[in-house]
Ligand code: FES
Ligand SMILES: [Fe+2]
């Protein structure tokens, strides 16, 4: 029975500004609406240009139930299209990646398509005489979706009417992508090998809330942090001389940081569900410096910008609803909902070209010991997420509490002050999660087919970063020097990046 | 006479290498973590690559790549009272195919054993099945035998995997 599809009010009742009703996590109807009204209308992560270096190179992916091909074009651009033959729907390619010369041919009846998805040839053409093939959808070839490239990160939006990437994603979040790319003295990143993939039996929003959850760290991960500490202390006392802290120890010990540190990390939220956690510090702040790297960065970017990039290591930047990334390590997680209680997390690592290998080694080490299906740190997260999914289904309390940190966000008249487009919060504030539900509600209650457009980002350049206008690194290269995070990050509500917006090519 | 001694010596090495592989699986299945850890040499690596042809464990990603320090942390946590994902305690069984003894690798001085295996892990009502091939590289001292490398190639290492709570 469709309760929610027919009633915006029923959907509104799922979130009251402080609490989320369990149906948000349990209802298959809500999940279907999320796919249609949120995931299909938002700019989502597709891949990276370095995965398809040559014209004709492709990767396959699946987003919100749609199987896609991302193909490098002859002109150097990239296009994302449905991986679904215009004839009868066969998938054109099923492997994760590959290459086609000039045209892609269907394995079923040999219809073939140009790299841009347009129909090239249909065999036995004379048989179509007198038919309406030429005016049917089949003649249009593969369905092409909006594709945008920012600093070689490739995004896709399934909604042809949605506003461009830069209209949906605040400039400050794109600035965080700049900060990752600019960790390379050459300003370029490259995907480092296949990604880790973890399937978790929980609703995707449970994972997403946790991206901004600092309070759980020293509770959930106590056993990992304390075991690392115990082993490291024994190792040190057995050693005749002082040992250098191994990379894994450097990465594991901060998980026991107290709530005071977590609160001071600070965070910032934007309308549209986006956020940055760790604007002042993070668990990554104290990684040791790399000899020679700072000089290379100064030579490449000049001292002020180099220092800015090196000092910037947020815990998580979140492009709602599904991209969570860091800067150092160069890690990007993609949250791909598979079902109402099944979520795939992809964990990607990037090599900063021209930077010492140790940066990549750090990234791979961190991803492995914190995010891998075999990670003892991830184990304790995953078991909690899966237990939440079971716990919520039970009788009794039907609500998830997100009350924390409400005091600072009430306006003088007692009304909620969560309507502003950007706000700075403490690192343990659950507004970091409430902000996600505000955007969630906005997306789901839209009953018409109008595109989702975040109020805040509209102030940035509203120009669409469509396939035609986004030409990879060149589009952003020009803006790299003017964007990014100002050194003065502790100044109250000052924006993280200049509001100049994103320069268009 | 000396030929016989050599043949007997080879047979003895083969037996010791094979015994180590079987003992290791038995210790894992018995959850005897400290005894399991003690089988690894100080320079050992425990490696579960993401791709079967992977040669670089450092700059390419793996499901696991652990030295004795990280393995010790893993084992240390097994007895931590608040290692939440160990309640209920996961249990596992390895089913080994007859291990294949590949003899001494002269370059490394290590003895080589390759073993196809099936692995079942349960935790509460949850059960996962994995299988693949494990490769042991073994150092045989006068008395003790040590694992220098245990590389596990899962047949579905490139799949999206659920949590694997215990060492394979
Ligand atoms: S389904 Fe592709 S050619 Fe028939
Ligand atoms: Fe966690």
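Throughout, read-outs are computed from the coordinates displayed, never taken from laboratory work. Everything numeric here is computed off the predicted structure, so don't read it as measured data. Every residue, glycine as well, gets a Cβ built from its backbone with ideal geometry; the counts of neighbours run over all protein chains shown.
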>> For the stretch A:221-256 and the stretch A:267-291, what is the centre-to-centre distance using only Cα atoms, to the nearest Å?
In response: 24 Å
> What's the average, rounded to a whole number, of partner chain beta-carbon atoms within 10 Å of each residue's beta-carbon in B:155-162?
Replying inline: 4
> Counting each DSSP H run of 4 or more residues in chain A as -39500 (n - 2.57), what helix-only mean residue ellipticity at 222 nm follows after dividing by all residues, to the nearest 500 deg cm²/dmol?
Replying inline: -8000 deg cm²/dmol
> Under 16 Å from the 7 Å Cα→Cβ point of residue A:404, by amide nitrogen: which residues of the stretch A:193-224?
Replying inline: A:206-222
>> From Cα pairs below 8 angstrom and at least 6 apart in sequence, can you work out the relative contact order of chain B, rounded to a whole percent?
In response: 24 percent
>> Springs between alpha-carbon pairs under 10 angstrom, Gaussian network model over chain B: which of B:55, B:120, B:23 fluctuates most?
In response: B:55
>> Quick check: residue separation of residue A:161 and residue A:62 times 0.36 nm, minus the Cα distance between them. What number comes out in nm?
In response: 33.6 nm
> Going highest first, how would you order A:86-99, B:135-148, A:159-172, A:342-355 by mean Cβ packing within 10 Å?
Replying inline: A:159-172, A:342-355, B:135-148, A:86-99
> Can you give the average number of partner chain beta-carbon atoms within 10 Å of each beta-carbon in peptide A:190-203, as a whole number?
Replying inline: 4
> Quick one: B:58, A:78, fewest Cβ neighbours within 10 Å first, how do they rank?
Replying inline: B:58, A:78
>> What FRET efficiency comes out for residue A:88 versus residue A:395 if R0 is 45 angstrom and r is the Cβ-Cβ distance? Round to the nearest 0.05.
In response: 0.40
>> Test of understanding: ordering A:297, A:247 by Cβ neighbours within 10 Å, fewest first, what list do you get?
In response: A:247, A:297
>> How much of the DSSP bridge set in the stretch B:2-154 is antiparallel, in percent, rounded to the nearest 5?
In response: 90 percent
>> Please compute, for peptide A:356-364, the average count of beta-carbon atoms on other protein chains lying within 10 Å of each residue's beta-carbon.
In response: 2
> In Å, what is the Rg of the alpha-carbon atoms in the protein assembly as shown, and how long is Dmax?
Replying inline: 26.7, 101
> Which of the peptides A:20-27, A:304-311 is most tightly packed, and how do the rest follow, going by the mean number of other Cβ atoms within 10 Å of each residue?
Replying inline: A:20-27, A:304-311
> To the nearest 0.05, what FRET efficiency results for residue B:102 and residue A:74 with a Förster distance of 45 Å applied to their C-beta separation?
Replying inline: 0.40
> To the nearest Å, what is the center-to-center distance of the stretch B:131-168 and the stretch B:1-77, using C-alpha atoms only?
Replying inline: 7 Å
> What is the calculated FRET efficiency for residue A:13 to residue B:120, with r their C-beta to C-beta distance and R₀ = 51 Å, to the nearest 0.05?
Replying inline: 0.70
